[in-house]
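Colleague: Just passing along the structure, written as structure tokens.
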Amino acid sequence: MTGFILSKLLRAFITLLLTVSLVFIFIRFSGDPAAAMAPPDAPQEVIDQYAEKLGLDKPLWVQYTNYLGQIFRGDFGHSVDSGRSSVSLFLDRLPATLYLGGFSLLIALTVGISLGTVAALNRGNFLDRGVMAFSVFAFAMPNFLFGLAVILIGALGFQTYLGGQGASISWVGVLPPALTLGLASTGSYARFSRSSLLETINKPFLLAAEARGISRTRRLIFHAMPNAAIPLVTLIGLSLGGLIAGSVVTEQVFAWPGVGQLLVRSVATRDIATVQFIVLAIAGTMVVANLLVDFLYLIIDPRIRVQ
Amino acid sequence: MKNTNAAILELSNVGIGLPLGADRQWAVRDVSLTILPQQTLCLVGESGSGKSVIAQAIMGILPSALPLKEGKIKLLGKDIPKQRSPNFNLLRSVKMGMVFQDAVASLNPIKKVGHQLEEILLVHGVSRKERKSRVLKMLSAVLLPNPESAYRSYPHEMSGGQAQRIVIAGALLLNPSLLIADEPTTALDVTTQAEILELITKLKIEFNTSVLFITHDFGVVSEVGDQIAVMKDGKILEQGSVKNVLKNPQNEYTRSLLKAANLDTSKKKLKETEEILKADNISLTYKKGFFFNQTKFKAVQKVSLSLTAGSTLAVVGESGSGKSSLAKCLLRLEKTNSGKIYYRGKDITDLKGAHLKNFRSKVQVVLQDPFGALDPRFKIIDAIAEGPIIHGSSWNEANSRAIEMLSLVGLTPQSAERYPQEFSGGQRQRICIARALIMRPEVLIADEAVSALDVSIQVKILDLFEDLQKRLGFAMIFITHDLHVAAAISDSVIVMKDGRVVESGQTSSVFMNPQAKYTKMLISSAPGYQGGEVL
């Protein structure tokens, strides 16, 4: 048990270290950072000055260890644009993204799992087919297209502009982008919960439960559903991990003031410190979410505990 | 009030339909059975005979594709409705309890077994206080050594035997008049099987219940049965008291099944010829996990064996004894951690490349599950001819030899163009044998090659192995958990437990005069064993 937890923690640490190193390599190879920071028409001497100031004249491995040291001290650099630390820029935007992501996950979970359950219980008839057709539509639909369609419908049908509330975050304003963002995962949750529930329903222990006189409702709620939920946890973990990275396109379409928008803007202005920190934060949430899923399995599936 | 003479269960002319397009119109037809108080009726038949369908019909859990069309089922003098009915199910579960073949699978994997048993009392309105004490009492009645800890266990933490005790406890919790047991010991090792059979017999008296016992094994029938009904293709061929039917079977089919169940070592004698395959103190350890949670499992520990040309060596043991791991080592599919393997005197332990490929053609394998062992997208001829083609035969030559092999194993040449799904289990095993023998191996390793088959098919496949061995002269290593099979086919035998060899020698002397305590126990727990003679 402690061995299990320790090995999972070690794995998470190694993954993070690899990510940090890869980010370093990619940024070094994507061009000279000093040239990127200097004004476009700056003479070579100015660029060299920048390089010296940033420590770029030192050998690569010294740069790498310095970089690691900075990261372990929590120093992720400053935005060249505004001069603020990249962490504070990120934290400013984080609530909006979490609000949008959380809302869309809530929609995907409730709608997706209910649809999947309905489909599984009506296997083969029109309800099942309808749900399956919807789920194919849902994850085949690109969210930039669906988002535009939502805005269009709002404007033409209801004379309301849904395409962005500026910097304000509101309960009504979050619905259109959350629907757009949640559509694809609603489809996969529907499909996944349907097949998981169908598989569980055909297990011998449910037949045995019927033979013991346990009613259909009770068999479904107390026996089939908890077992069918186990594989869903992995999917929920992936969704949680993608909470920050997943909304880049949707935030652009709806002008949502979140991390995704910041990322796009930072890339456009070649704000390396900010891009670097956002990439690390995205990787970090993925690793932490996976770690949470692993530990959650310990709680919900007793079979994992003995291994 | 139980009337001592009235039947507990009465089936009259029961007919259950099969869906359109099945190989026959009726799953079972004209089935009439009577179970009297405190009696055990054994329903015997091979797979597909319809015996489990009858159990499901009585229990009211027939799948909707199999409707109860004809006849009547009376429980304690009352008609059972033909359709699945939720209200009646609750009532019915008070009067009948059911035990399934795979006990672990018939329990919810993520709930503690104590809570699962309590749930049965809960849905029948028993108060919270009373529930736990009744469950614990029941757990000690099924002779679980520590009822309190069993109550708190999850199904996967139990052995197959312990889980079956839990399921039996659940079935008897409401003190039913009838216990239905559908192949309850088939998935268990012989020693555990003996304990469970003893337990069912004991509880039958203690709880004053009748038993409908479904099995394919005559040894089991002779241990537990009062009455017997033999089924084939949905019909009852013969029924009567166990004593009469086993001693004096009237039906030809019953006789053939009984013959298959005999422990007969008279056929074989060890020939002294040259040694072809030899293992010298080989060990295999499996490692699992990553860094901190690495665990080691010693599957094979210092096993030695010797196989002479043209002879058959049986490797006998219960599940987990390491017999399949041993086969993988001998086939060079697993790398041994220590010890040496010799083939015709040559050390092959670390063979590589072309030498290993050459060795592979000399040692072939037939596996347990004939359904999983054939690629469903390969035609039979392609599956059989694949080996020779890989080893350099031309396509034409390989194909014509594949057709020859088909007739050698008793299949028609027309089978060549068909796919595995079109064949029965026994036929598929013939295909697997053809696929192994086309390589002209000197050693054939059969890993539980007849365990998945029905008894009457088993006999035919064993005969086929023997016949082919006489004609082609290969040596065989026959891995099995079934003492009957080992006795029927082998010249010599090794008995394995926990990865080690506990006894080895000539088959007749090991079975007639076992030395190791474990071998003695294994032989005496074989169902139907009564002092020196089985059946």
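None of the figures in this text is laboratory data; all of them are computed from the coordinates on show. In this text, all values refer to a predicted model and were calculated from it rather than measured experimentally. We place every Cβ from the backbone using ideal geometry, glycine too, and count neighbours over all the protein chains shown.
Colleague: Quick check on chain A: take the gyration tensor over C-alpha atoms, sort the square-rooted eigenvalues as a ≥ b ≥ c, and tell me if it's rounded (a/c under 1.5), prolate or oblate. Mind dumping the intermediate values first?
Modeller: Working: a/c = 3.33, a/b = 1.60, b/c = 2.08.
Since a/c reaches 1.5 but b/c is at least a/b, the shape of chain A is classed as oblate.
Colleague: For chain A, modelled as a Gaussian network with Cα springs under 10 Å, which listed residue fluctuates most, A:P231, A:P59, A:P177?
Modeller: Result: A:P59 has the largest fluctuation of those listed.
Colleague: Which one of A:G77, A:L156, A:S7 has its Cα pushed farthest toward the positive end of the charge dipole of segment A:1-158, where Lys and Arg give +1 and Asp and Glu give -1 at the Cβ?
Modeller: A:S7
Colleague: Now, a different point. Please compute, for peptide B:99-111, the average count of beta-carbon atoms on other protein chains lying within 10 Å of each residue's beta-carbon. Don't skip to the answer; put the middle values down first.
Modeller: Numbers: counts 2, 5, 1, 3, 2, 2, 5, 9, 4, 12, 8, 9, 6.
Taking all residues of B:99-111 together, the mean is 5.
Colleague: Placing +1 on the Cβ of each Lys and Arg and -1 on the Cβ of each Asp and Glu in chain B, which of B:I236, B:A105, B:I431 has its Cα farthest towards the positive end of the resulting dipole?
Modeller: Of the candidates, B:A105 comes out farthest on the positive side.
Colleague: Along the charge dipole of segment B:312-359, which of B:G345, B:N358, B:G320 sits closest to the positive end, that is, farthest toward it, with unit charges on the beta carbon of Lys, Arg, Asp and Glu (+1, +1, -1, -1)?
Modeller: B:N358
Colleague: Okay, next question. Based on DSSP H runs of at least 4 residues, each adding -39500 (n - 2.57), what is the mean residue ellipticity at 222 nm of chain A after dividing by all its residues, to the nearest 500 deg cm²/dmol? Each step should come with its number before you reach the end.
Modeller: Values: 14 runs with 226 residues, N = 307.
When only DSSP H runs of four or more count, the value is -24500 deg cm²/dmol.
Colleague: Using only helices, what value at 222 nm comes out for chain B when you add -39,500 (n - 2.57) per DSSP H run of length 4 or more and divide by the total residues, to the nearest 500 deg cm²/dmol? Each step should come with its number before you reach the end.
Modeller: Numbers: 19 runs with 197 residues, N = 535.
So the helix-based figure for chain B works out to -11000 deg cm²/dmol.
Colleague: Oh, and also: Given a cut-off of under 8 Å on Cα pairs at least six residues apart, what relative contact order in percent is computed for chain A? Let's see the in-between values first.
Modeller: Values: 335 pairs, mean separation 80.6, N = 307.
Value for chain A: 26 percent.
Colleague: Going down the table (B:K95/B:K243; B:K74/B:K137; B:K298/B:K323; B:K51/B:K74; B:K298/B:K328), which pairs top 21 Å between alpha carbons? Let's see the in-between values first.
Modeller: Working: B:K95/B:K243 29 Å; B:K74/B:K137 31 Å; B:K298/B:K323 12 Å; B:K51/B:K74 18 Å; B:K298/B:K328 14 Å.
With Cα atoms farther than 21 Å apart: B:K95/B:K243; B:K74/B:K137.
Colleague: Dipole of chain B, Cα-centred, from +1 at each Lys and Arg C-beta and -1 at each Asp and Glu C-beta, to the nearest 20 debye? Intermediate results must be reported in sequence, preceding the final value.
Modeller: Details: 66 positive and 53 negative charges, 224 e Å.
So the magnitude is around 1080 debye.
Colleague: Hey, which lysines would be in cross-link range of A:K53, C-alpha to C-alpha under 27 Å, not counting anything within fewer than 8 residues on its own chain?
Modeller: none
Colleague: Measure up B:K78/B:K132; B:K278/B:K379; B:K470/B:K497; B:K72/B:K202; B:K287/B:K352; B:K69/B:K204 against 25 Å on the Cα-Cα distance and list the ones that go over. The partial results should precede the final answer.
Modeller: Numbers: B:K78/B:K132 32 Å; B:K278/B:K379 36 Å; B:K470/B:K497 31 Å; B:K72/B:K202 31 Å; B:K287/B:K352 23 Å; B:K69/B:K204 32 Å.
In this structure, B:K78/B:K132; B:K278/B:K379; B:K470/B:K497; B:K72/B:K202; B:K69/B:K204 lie more than 25 Å apart at Cα.
Colleague: State, as an integer percentage, the relative contact order of chain B based on alpha-carbon contacts under 8 Å between residues 6 or more apart. Present the calculation step by step, with values, prior to reporting the outcome.
Modeller: Working: 1043 pairs, mean separation 80.0, N = 535.
About 15 percent, as a whole number.
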